[in-house]
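K.L.:
Sharing a structure, written as structure tokens. Questions coming.
The values are calculated or read from the model by the stated rules, or taken from the named source; none is laboratory data. Note that the structure is a prediction, hence the values are computed from the model and not measured. Cβ sites come from the backbone with ideal geometry, for glycine too, and all protein chains shown count toward neighbours. Protein only, heavy atoms only, side chains kept; ligands, DNA and RNA dropped before computing areas. Shrake-Rupley method; radii C 1.70, N 1.55, O 1.52, S 1.80 Å.
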Amino acid sequence: MGEMGLRERKKQQMYQDVSDIAVRLFLERGFDAVSVAEIAAAAGISKPTLFRYFPAKEDLVLHRIADHEAEAARVVAGAADPVDALRRHFLAGLERSDPVTGLNDHPQVLAFHALLYGTPSLVARAYRHQERSEAALAEALGGDLDARLAAGQIIAVQRILALENFRRIAAGEGVEEVRPDAVRAAERAFGRLSQGLPGLGTHT
């Protein structure tokens, strides 16, 4: 079991290392200007090996947010009030300037978000990530049609809140300047979700 744990850690490190190399090259030269063959060479692996880890070029970038795919589902697991649990989780993210909330002005974070949102093929690939997030959340909420409808609304709210925060930060506003508005917007949005999704807390 220890050997399997070591193998898994090495595999995860490979994912991280190759993704980091790819993102660095994309940020330096642009997503479309860098080939998969160049990334493989920079990482010291073959192109077929790279594709075993990352089936599509876009996955090299999306790997950085892959661990957030089931985040909402994890947050609501066992929660008596799923919307409130997600509200508190999002607010906690704003408090610590979690990049996933858009409220982060670190140059590398801003550059990554600009790459992600400014590249059409990455936006399209990110939509699939969103769909999987919705599916995981819907399953955690009960898996029926009501759960799927609720999950779609919740994931959309989180995405729009984060994009608005990123838009303001990218336009030059400071984190501490944006934070109070971001908190108020999140409280308002999740409050409306709570009002519009009565009985959601029964799906546990």
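K.L.:
Restricting to helices (runs of 4 or more DSSP H) lying wholly in region 1-114: which have 3 or more residues that are more than 30 Å from Pro180 (Cβ to Cβ) and open to solvent by 50 Å² or more (accessible area, probe 1.4 Å)?
P.N.:
2-29, 36-43, 47-53
K.L.:
Can you tell me which of (1) open to solvent by less than 30 Å² (accessible area, probe 1.4 Å); (2) without any contact (Cβ under 8 Å) to a residue 60 or more places away in the chain is the one Asp181 doesn't meet?
P.N.:
Only one criterion is unmet by Asp181, namely (1).
K.L.:
Working carefully through the options Arg128, Arg167, Arg184, Arg159, find the one that is over 30 Å from Ile21 (Cα atoms) and in a helix (DSSP H, G or I).
P.N.:
Details: Arg128 fails: over 30 Å from Ile21 (Cα atoms); Arg167 fails: over 30 Å from Ile21 (Cα atoms); Arg159 fails: over 30 Å from Ile21 (Cα atoms).
Result of the check over Arg128, Arg167, Arg184, Arg159: Arg184.
K.L.:
Small (Gly, Ala, Ser), touching a residue at least 24 places away in the same chain (Cβ under 8 Å) and under 23 Å from Asp20 (Cβ atoms) - does that describe any residue in region 48-68?
P.N.:
yes
K.L.:
Return the residue satisfying two criteria in turn: it lies in region 116-170 and is β-branched (Val, Ile, Thr) and surrounded by fewer than 16 Cβ atoms within 10 Å (Cβ to Cβ), and of such residues it is farthest from Leu91 (Cα to Cα).
P.N.:
The qualifying residue farthest from Leu91 (Cα to Cα) is Val123.
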